[in-house]
1. Return the residues of the range 1-19 that are in contact with a Pro (Cβ under 7 Å, 6 or more places away or on another chain) and either part of a loop (DSSP other than H, G, I, E, B) or aromatic (F, W, Y) (or both); say none if nothing qualifies.
2. Looking at I55, I131, which is the one that is crowded, with 16+ Cβ neighbours inside 10 Å, in contact with a Gly (Cβ under 7 Å, 6 or more places away or on another chain), of a type outside the set (G, A, S) and not in a loop (DSSP other than H, G, I, E, B)?
3. Taking T106, is it touching an Asp or Glu at 6+ places or on another chain (Cβ under 6 Å) and either assigned to a loop (DSSP other than H, G, I, E, B) or farther than 24 Å from K135 by Cα (or both)?
4. Which residues, taken from the range 74-88, are crowded, with 23+ Cβ neighbours inside 10 Å and either in a strand (DSSP E or B) or among the aromatic types (F, W, Y) (or both)?
5. So I91 fits all but one of (1) buried (at least 16 other Cβ atoms within 10 Å of the Cβ); (2) closer than 21 Å to A105 by Cα; (3) touching a strand residue (DSSP E or B) at 6+ places or on another chain (Cβ under 8 Å); what number is the exception?
6. Part of a helix (DSSP H, G or I) and either surrounded by fewer than 17 Cβ atoms within 10 Å (Cβ to Cβ) or of a type in the set (D, E) (or both): which single residue out of E71, E40 fits that description?
7. Can you tell me which residue is farthest from I107 (Cα to Cα) among those in the range 40-65 that are among the polar types (S, T, N, Q) and either at pLDDT below 95 or in contact with a strand residue (DSSP E or B) (Cβ under 6 Å, 6 or more places away or on another chain) (or both)?
8. Looking at E40, E16, E71, can you tell me which residue is among the acidic types (D, E), more than 26 Å from T130 (Cβ to Cβ) and touching a residue at least 12 places away in the same chain (Cβ under 8 Å)?
Amino acid sequence: MSWCGQVLYSGTAKGEVLRLDAPISFWGGISPENAEVILEKHPQRGVKITDKILIVPEPIGSSSSAAILLELLYSKNAPKGLILGTNKDAILPISVLVAEQMGWATIPIIAMENPSFKSGQELEIKSDGTILLCKS
């Protein structure tokens, strides 16, 4: 199976899905030190986003979210890729652009309406925004 999303930042990634089940902002929601979900009462509190294809159906924008994702990219604790849902957060791709300018590893960021992927699935993201289901 395959889907096509809107490319917010191009790149490729393959890995296991971590779907966040509640809205979140990277600022105050994700620890920049260890990539753990720290938002109180969040269903995935305590789970690390490192090396996952992170599905964020409802991102909450904050200009400071870019700084958190940039810190995660610098420390190599970032997810392998991001798929954003209804709110196409323009802030997060800025951090990836800055990481690229600094010569650091980058990740793809894709936007799509109502991403239905579930934690534990394995996805591959292509540079054109194509998303392939590798294992369900």
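The values are calculated or read from the model by the stated rules, or taken from the named source; none is laboratory data. None of the values given here were measured: they were computed from a predicted structure. Note that we place each Cβ from the backbone using ideal geometry, even for glycine, and neighbour counts take in every protein chain shown.
1. Start the filter on the range 1-19 by keeping residues that are in contact with a Pro (Cβ under 7 Å, 6 or more places away or on another chain), which leaves 8-13.
Once the filter is applied, which keeps residues that are in contact with a Pro (Cβ under 7 Å, 6 or more places away or on another chain) and either part of a loop (DSSP other than H, G, I, E, B) or aromatic (F, W, Y) (or both), the range 1-19 yields Y9, S10, G11, T12.
2. Working: I55 fails: in contact with a Gly (Cβ under 7 Å, 6 or more places away or on another chain).
Being crowded, with 16+ Cβ neighbours inside 10 Å, in contact with a Gly (Cβ under 7 Å, 6 or more places away or on another chain), of a type outside the set (G, A, S) and not in a loop (DSSP other than H, G, I, E, B) holds for just one of I55, I131, which is I131.
3. Working: touching an Asp or Glu at 6+ places or on another chain (Cβ under 6 Å): yes; either assigned to a loop (DSSP other than H, G, I, E, B) or farther than 24 Å from K135 by Cα (or both): yes.
Yes.
4. Of everything in the range 74-88, those that are crowded, with 23+ Cβ neighbours inside 10 Å and either in a strand (DSSP E or B) or among the aromatic types (F, W, Y) (or both) turn out to be G81, L82, I83, L84.
5. Answer for I91: the failing condition is (3).
6. So the residue among E71, E40 that is part of a helix (DSSP H, G or I) and either surrounded by fewer than 17 Cβ atoms within 10 Å (Cβ to Cβ) or of a type in the set (D, E) (or both) is E71.
7. Going residue by residue through the range 40-65, those that are among the polar types (S, T, N, Q) are 44, 50, 62-65.
After this cut, where a residue has to be either at pLDDT below 95 or in contact with a strand residue (DSSP E or B) (Cβ under 6 Å, 6 or more places away or on another chain) (or both) as well, the list is 44, 62-65.
Details: Q44: 22, S62: 19, S63: 19, S64: 18, S65: 15 Å.
Filtering first and then ranking leaves Q44.
8. Numbers: E40 fails: touching a residue at least 12 places away in the same chain (Cβ under 8 Å); E16 fails: more than 26 Å from T130 (Cβ to Cβ).
Testing whether each residue is among the acidic types (D, E), more than 26 Å from T130 (Cβ to Cβ) and touching a residue at least 12 places away in the same chain (Cβ under 8 Å) leaves just E71.
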